[in-house]
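The values are calculated or read from the model by the stated rules, or taken from the named source; none is laboratory data. Bear in mind the structure is a predicted one, so any value in this text is a computation, not a measurement. So basically every Cβ, Gly included, is an ideal-geometry build from the backbone, and we count neighbours across all protein chains shown. Quick note on the areas: whole protein, heavy atoms, side chains included, nothing else; ligands and nucleic acids left out. Shrake-Rupley method; radii C 1.70, N 1.55, O 1.52, S 1.80 Å.
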Amino acid sequence: MPKFIVDCLRYLWAAPNTVLGLLFASLLMLTGARMQQVEGVLEVSGGWLASRLARYSGFAAITFGHVVLGYSAHALQQLRVHEHTHVRQAECWGLFFIPAYLLAGLWQLLRGRHVYHDHPFEKAAVAAECRHFKRLPQAVITNGQ
Ligand SMILES: [Zn+2]
């Protein structure tokens with residue numbers, strides 16, 4: 001199958017998540033955020049709302065399909081490998097990504113495990129960071145989603 005067709009299918013399959021990301025991105029943009037395109041992913045960061053979310057919730061970055069939202073451009077740069085791993089997961093799971101993500105987190109809670117650190121999607125993203133930065137999993141700062 002031609003690469004162009006495969007790429008279109010990846011974007012279409014992840015589109016429900018991307019639409020949600022675009023809605024949140026619009027909110028950030030209305031409060032002064034900036035956007036850039038990196039490797040086929042729309043990254044939106046900064047602005048009043050993102051800084052408030054960071055201050056009061058510890059928000060660093062979150063991925064919805066092909067949209068990554070971050071509290072700053074610097075945070076997005078540091079978390080790019082992690083968040084783009086979530087983009088690949090969204091391309092794989094498509095419409096089912098968010099329910100699968102939430103159910104996997106719930107499953108960890110029900111098993112008495114940590115909802116974030118034991119989450120299989122997060123562990124895969126942290127593993128990608130470790131491979132990319134050539135460091136051990138314990139050394140990774142996991143403040144991304
Ligand atoms: Zn994550």
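The table below gives the values:
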quantity: Identity of the residue in region 99-117, within 13 Å of the ligand (Cβ to nearest atom) and open to solvent by less than 50 Å² (accessible area, probe 1.4 Å), that ends up modelled with the lowest pLDDT; calculated: Tyr116
quantity: Residue match in region 128-136 (condition: in a strand (DSSP E or B), acidic (Asp, Glu) and in contact (Cβ under 8 Å) with a residue 12 or more places away in the chain); calculated: no
quantity: Any hit, region 53-76, residues being in contact (Cβ under 8 Å) with a residue 24 or more places away in the chain and basic (Lys, Arg); calculated: no
quantity: Test result for His74, more than 15 Å from Leu20 (Cα to Cα), surrounded by fewer than 16 Cβ atoms within 10 Å (Cβ to Cβ), within 16 Å of the chain's Cα centre (by Cα) and more than 14 Å from the ligand (Cβ to nearest atom); calculated: yes
quantity: Test result for Val44, of a type in the set (Val, Ile, Thr), more than 14 Å from the ligand (Cβ to nearest atom) and under 23 Å from Ala14 (Cα atoms); calculated: yes
quantity: Test result for Glu83, of a type in the set (Asp, Glu), touching a strand residue (DSSP E or B) at 6+ places or on another chain (Cβ under 6 Å), within 16 Å of the ligand (Cβ to nearest atom) and in a strand (DSSP E or B); calculated: no
quantity: Residue satisfying all of: in region 1-14; open to solvent by less than 80 Å² (accessible area, probe 1.4 Å) and touching a residue at least 60 places away in the same chain (Cβ under 8 Å); nearest to Ala50 (Cα to Cα) among these; calculated: Ala14
quantity: Candidate set from region 16-47 (those that are of a type in the set (Gly, Ala, Ser) and open to solvent by 30 Å² or more (accessible area, probe 1.4 Å)); member that is farthest from His66 (Cα to Cα); calculated: Gly32
quantity: Cβ pairs under 7 Å, 6+ apart, first in region 101-121 and over 15 Å from His82 (Cα atoms), second away from the ligand (no atom under 16 Å from the Cβ) and open to solvent by 60 Å² or more (accessible area, probe 1.4 Å); calculated: Val115/Leu109
quantity: Qualifying residue in region 49-69 (condition: within 12 Å of the ligand (Cβ to nearest atom), in a helix (DSSP H, G or I) and among the charged types (D, E, K, R)); calculated: no
